[in-house]
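The values are calculated or read from the model by the stated rules, or taken from the named source; none is laboratory data. Predicted model only: the values in this text are computed from it and were never measured. As a convention, Cβ positions derive from the backbone with ideal geometry for all residues, glycine included, and neighbour counts pool all protein chains shown. Side chains are part of the model used for accessible areas, which takes the heavy atoms of the whole protein and leaves out ligands, DNA and RNA. Shrake-Rupley method; radii C 1.70, N 1.55, O 1.52, S 1.80 Å.
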Amino acid sequence: MACPPDAAPLLGVNIDHVATLRNARGGSFPDPVLAAQQAVEAGADIITFHLREDRRHIRDADVERLKTTISAPLNFESALAPEMLDIICRVRPQMVCLVPERRQEVTTEGGLDVAGQLGRVREACARLADCGCRVSLFIEPSTRQIEASAQAGAPCIELHTGAYANAFDAADEAARQREFERIVAGLKRGRSLGLQTNAGHGLSLQSTPAIAARPEVSELHIGHALIGHAVFVGLKQSVRDFQAVIARAAATHS
Ligand code: PXP
């Protein structure tokens, strides 16, 4: 799924928040799998979801239904946990993104510490590759973690854009610039090591364009702001709006 460097980044639509809404009332509505279908119909390139160990949003039955009904590639976000790796190797999604996971967190906080557990990450990458999955590691844009990801044998990294997005939303110009430069340096370092470089977390319609304008970005994975925007414009229109800002930004690739 690597894009040529001058193509617009692919959009991975994260459907976890639809499941959160469903689970709030304990029933089956709204259905995250139907949301995934509609997102694909509207132009989502990839469907992203996180089966957390506590099953707080996406559940095992959702994963089975996603696998049998969604035509776009599935990007299965997962903790580095034996139970999850077993599920992934049975379900065989096209893509896996290994993320850190803490039970108390509201959302994925920080990136995976690849450098601090290189052997374990390398083993997981090899096992998932044997199962036919393209593996990505969700990491902070730090040279240490990027270099460790290459050593772990992952073909792909997703750089955590949360700090950049938070600075953008807070209109903290100095922090926004600093975080943006960290991301650009990380994208370049990743590419120089032969990695596919993706980005995601916290991105909104407003903060996405600067990231999408970077020619090194192959995929963007976006959830909260896209599902939030859908409350006002509908899911299909929200996907189209995000695809439009990504395409406009990518048209500026030099
Ligand atoms: N990428 C990864 C690896 C994530 O864990 C998440 C959140 O589940 C996202 C992207 C999307 O983040 P957000 O919902 O803030 O757009």
Which whole number in µm²/s is D for region 106-238 by Stokes-Einstein, with the Kirkwood Rh taken over Cα pairs at 20 °C and 1.002 mPa s? 139 µm²/s
Which distance in Å, rounded to a whole number, links the C-alpha centroids of region 16-54 and region 58-79? 9 Å
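I'd like to check one number: the per residue accessible area of region 4-134, probe 1.4 Å, reported in Å² as a whole number.
On the way: 5790 Å² over 131 residues.
Dividing the accessible area of region 4-134 by its residue count gives 44 Å².
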Answer in debye to the nearest 20: the dipole magnitude of the chain about its Cα centre, from +1 Lys/Arg and -1 Asp/Glu charges placed on Cβ, is 220 debye
The percentage of the accessible area of region 110-241 (probe 1.4 Å, all protein chains present) made up of carbon and sulfur atoms, to the nearest whole number, is 53 percent
Quick one: pull the percent of accessible area on region 1-61 belonging to carbon and sulfur, 1.4 Å probe, ligands and nucleic acids left out. 56 percent
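If you wrap a convex hull around the C-alpha atoms of region 162-202 and split its volume per residue, what is the figure in Å³?
On the way: hull volume 1.8 nm³, N = 41.
Expressed per residue, the convex hull around the Cα atoms of region 162-202 is 43 Å³.
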Can you give the extra length, in nm with one decimal, that the chain gains between S192 and R65 once fully stretched, where that is 0.36 nm per residue apart less the Cα-Cα distance? 41.9 nm
Over all distinct Cα pairs, what is the inverse of the mean 1/r for region 1-126, reported as the Kirkwood hydrodynamic radius in Å? 15.5 Å
In sequence order, calculated HN-Hα J values of region 173-182 (Karplus, 6.51, -1.76, 1.60; Hz; x Gly/Pro): 4, 5, 5, 4, 5, 4, 5, 5, 5, 4
So, how do all the Cα-to-Cα distances of region 183-254 break down into 10 Å bins, in percent, from 0 on up? 20, 49, 24, 6, 0
Shape box of region 76-178 [Cα atoms, principal axes, largest first, Å]: 45, 27, 23
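Quote the convex hull volume per residue of the chain, based on C-alpha atoms, as a whole number of Å³.
120 Å³
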Could you order E158, E83 so the one with the most accessible surface comes first? Probe is 1.4 Å. E83, E158
Average the reciprocal distances over every distinct pair of alpha-carbons in region 1-68, invert the result, and give the Kirkwood radius in Å. 12.8 Å
